[in-house]
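The next block holds one structure in the form of structure tokens; read it before the comments.
The values are calculated or read from the model by the stated rules, or taken from the named source; none is laboratory data. No experiment lies behind these values; they were computed from the predicted model shown. A quick note on method: Cβ atoms are made from the backbone with ideal geometry, for glycine too, and the neighbour counts reach across all protein chains shown.
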Amino acid sequence: MHSFIATPKSVECALFLPEHQRTEHVFEAMSTIHQVLFEELGYDQSYFRRGALVKDAKRVGELLGTSFPGILRRQMLVEDGSSTNLYSMTREQWPSATLAAEGWLASHPIVQRKP
């Protein structure tokens, strides 16, 4: 007889347009997304991917409190042939990540951009 373990609920997020990348808005959005996923929807894990050549990806991942499970080599066909860095966060990581996010957001107030 086999015993089965339910697959944890996980989600991959998000895509941001180039004009919004590397802004406080993205950081705030990712923090809010994770809050809803873990606290309201009961997800167990979230993932996000960034091109390996994106310089700020590691810093953003660290600010969000994510883990770095690995690199997906030549995961997508793009002109530079780059690999993709995979970042993840579990529900257990969320409490400490939210404290770091709140501290960062308190010191970086979000200013509404004018169109």
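Quick notes on this one:
Quick grid of which residues meet (1) at pLDDT below 75; (2) of a type outside the set (S, T, N, Q); (3) out of contact with any Cys (no Cβ under 9 Å at 6 or more places or on another chain):
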{"position": "31", "(1), (2), (3)": "no, no, yes"}
{"position": "35", "(1), (2), (3)": "no, no, yes"}
{"position": "40", "(1), (2), (3)": "no, yes, yes"}
{"position": "68", "(1), (2), (3)": "no, yes, yes"}
{"position": "77", "(1), (2), (3)": "yes, yes, yes"}
{"position": "81", "(1), (2), (3)": "yes, yes, yes"}
{"position": "88", "(1), (2), (3)": "no, no, yes"}
{"position": "107", "(1), (2), (3)": "no, no, yes"}
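- Residue satisfying condition, being at pLDDT 75 or above and either among the aliphatic types (A, V, I, L, M) or assigned to a strand (DSSP E or B) (or both), within set 14, 97: 97
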